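Inspection log for the structure reproduced underneath, given as structure tokens.
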Amino acid sequence: MFLILGLIILLVAVIVAFVGVMGNLGSAHELTNDFSVFGYHVTSSTGALFLYGIAVGVVGLIGLYLLLAAVRRASRRSAGVSRRESKVVDRERDDLIQQRDAARAQAEESRADDRPADVPASGHRRAKWFGRTTHR
């Protein structure tokens, strides 16, 4: 869709430029005042001046296109590096979480092995007084 719209706009711009240059050529459209650019005196018609303006605009657009292409390429490259780095960090975080969980499970097992038989898993000792079980 954007491609077709862009082509139509480009075609209209070329037609307008062509008609503008051709309509302003000849001795009837001479520049009457001194016109200079960087010390260079332009002594042609208004159509030629319009053509020079088009050329300068095209050169400017090419420069802008190259600048934006370089920025786009750099941002894609940095986004790819960022994605790779985040994958590495996520993988390391998951490994650390697994190591922590394994260490906790191992610590629980070693505590369960060291616990006397009358101590429940909650860690409270039971005392039996007169047939009742209470927690201290």
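Using the crude model of +1 on Lys and Arg Cβ and -1 on Asp and Glu Cβ, and no other charge, please compute the dipole size for the stretch 28-113 relative to its Cα centre, in debye to 20.
The calculated dipole for the stretch 28-113 is roughly 160 debye.
Spin-label pair Leu68-Phe18: with each label point 7 Å from Cα along the Cα-Cβ axis, the two points sit 2.5 nm from one another.
If you stretched the chain out fully between Gln99 and Asn33, how much longer would it get, using 0.36 nm times the residue separation minus the C-alpha to C-alpha distance?
That works out to 15.4 nm of additional length.
Roughly how compact is the stretch 37-105, stated as its Cα Rg over 2.2 N^0.38 Å to two decimals?
2.56
Only protein heavy atoms count here; on that basis, with a 1.4 Å probe, Val71 has an accessible area of about 90 Å².
The values are calculated or read from the model by the stated rules, or taken from the named source; none is laboratory data. The structure displayed is predicted, hence computed values, not measured ones. Here the Cβ is made from the backbone with ideal geometry for all residues, glycine too, and neighbour counts use every protein chain on show. What goes into the accessible areas is simple: the full protein's heavy atoms, side chains included, and nothing from ligands, DNA or RNA. Shrake-Rupley method; radii C 1.70, N 1.55, O 1.52, S 1.80 Å.
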